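First the structure, then my questions, so here it is.
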Amino acid sequence: MLLRRTPIVVCATVLAMALLTGCNLERTSAPPSRGSEGDAASTQEALRPVGEALKVRVNRDRDVLGLSALIASQALDEAARLRAEDMLIRGYLGAIGPGDTSVAAQELMAVAGYSGQLGELVYEHLGPLSALTESTVGAWMTSDAHRKLLLDTRFQFLGAGMAGGSEEWIVVVLFAEVPAQLVVTAYQAGNGLINLVTPTSAVVMGGLAIARVGYGTWLKFSWPLLILLALLTMAVLTAGVLLS
């Protein structure tokens, strides 16, 4: 009887500690400044059309060269904004900040759910917001290294963010190849299809033995189903890329 009650007692204790911790945090934490939050929100709303125009301009330049358009990602927008704000606050411009040992953009994009080929472009615009898009993309297109990254055919997604004020702005555009969740989904789907016919699978061979069906007979029966499932999987993965 005591053993049966032990898990309940432990769960109740953990729940009580969590509630007490939450109450303590609520008491000790200082309330956020409504003014600063409102200013930040209004600034981001003002910058949103500029970010959209920047992404449109990037895709326009790619389209002129016959390249496919990149899909805008809100997750990458947020990661780009965080990168721009970090550079502004810590006073640097580049992939790695002072004292950092890793590339922050890659970590942020991984948290956002992207993997594969990743890229980041950074630019400091000195001038009004109205000239930011042309100034930024124009500077990148005249630099061989930046132009190569901007026109990389491996990328499928992009996001843009900026931070600053007056006539000093830090602009960040992030590029990503494929969402990590789609990589996992593709692997699981392919693995599942192979497991339906692999002769080393205990489930397949055991089931065939119980049903008294030969492996060759099973292959002849299952290959149309496998083709259908493969086509459906590709359609779902394609939809996943477009809807990400």
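Does any residue of segment 161-173 turn out to be of a type in the set (Gly, Ala, Ser), part of a strand (DSSP E or B) and touching a Ser or Thr at 6+ places or on another chain (Cβ under 7 Å)?
No, the conditions are met nowhere in segment 161-173.
I'd like the residue in segment 123-160 that is open to solvent by 90 Å² or more (accessible area, probe 1.4 Å) and part of a loop (DSSP other than H, G, I, E, B) and, out of all such residues, is modelled with the lowest pLDDT. Steps first, answer last, please.
As a first pass, look at segment 123-160 and keep what is open to solvent by 90 Å² or more (accessible area, probe 1.4 Å): 124, 126, 130, 134, 142, 144, 148, 153-154.
Subsequent filtering for residues that are part of a loop (DSSP other than H, G, I, E, B) retains 142, 153-154.
Working: THR142: 93, THR153: 89, ARG154: 86.
My answer is ARG154.
So which residues in segment 57-71 are surrounded by 15 or more Cβ atoms within 10 Å (Cβ to Cβ) and at pLDDT 90 or above, if there are any at all? If you could, list the steps in order and put the result at the bottom.
Of all residues in segment 57-71, those surrounded by 15 or more Cβ atoms within 10 Å (Cβ to Cβ) come to 57-59, 61-62, 67, 70-71.
ARG57, VAL58, ASN59, ASP61, ARG62, LEU67, LEU70, listed by residue number.
Still on this structure, please answer the following. For residues in segment 201-244 being in contact (Cβ under 8 Å) with a residue 60 or more places away in the chain and not aliphatic (A, V, I, L, M), which is least open to solvent (accessible area, probe 1.4 Å)?
Step by step, filter segment 201-244, then rank; the result is GLY240.
Sort out which residues of segment 104-118 are in a helix (DSSP H, G or I) and hydrophobic (A, V, I, L, M, F, W, C), and write them in order of number.
Within segment 104-118, ALA104, ALA105, LEU108, MET109, ALA110, VAL111 meet the criteria.
One line per residue, one yes/no per condition, for (1) free of Cβ contacts under 8 Å to residues at least 60 places away in the same chain; (2) closer than 19 Å to SER166 by Cα; (3) open to solvent by 50 Å² or more (accessible area, probe 1.4 Å):
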residue	(1), (2), (3)
LEU76	no, no, no
ALA80	no, no, no
ASP86	yes, yes, no
ARG90	yes, yes, yes
GLY94	yes, no, no
ASP100	yes, no, yes
ALA104	yes, no, no
MET109	no, no, no
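The values are calculated or read from the model by the stated rules, or taken from the named source; none is laboratory data. On a predicted model such as this, the values are computed, not experimentally measured, just so you know. Backbone-built Cβ (ideal geometry, glycine too); neighbour counts: all protein chains shown. Each accessible area value is taken on the protein alone, full model and side chains, heavy atoms only, with ligands, DNA and RNA left out. Shrake-Rupley method; radii C 1.70, N 1.55, O 1.52, S 1.80 Å.
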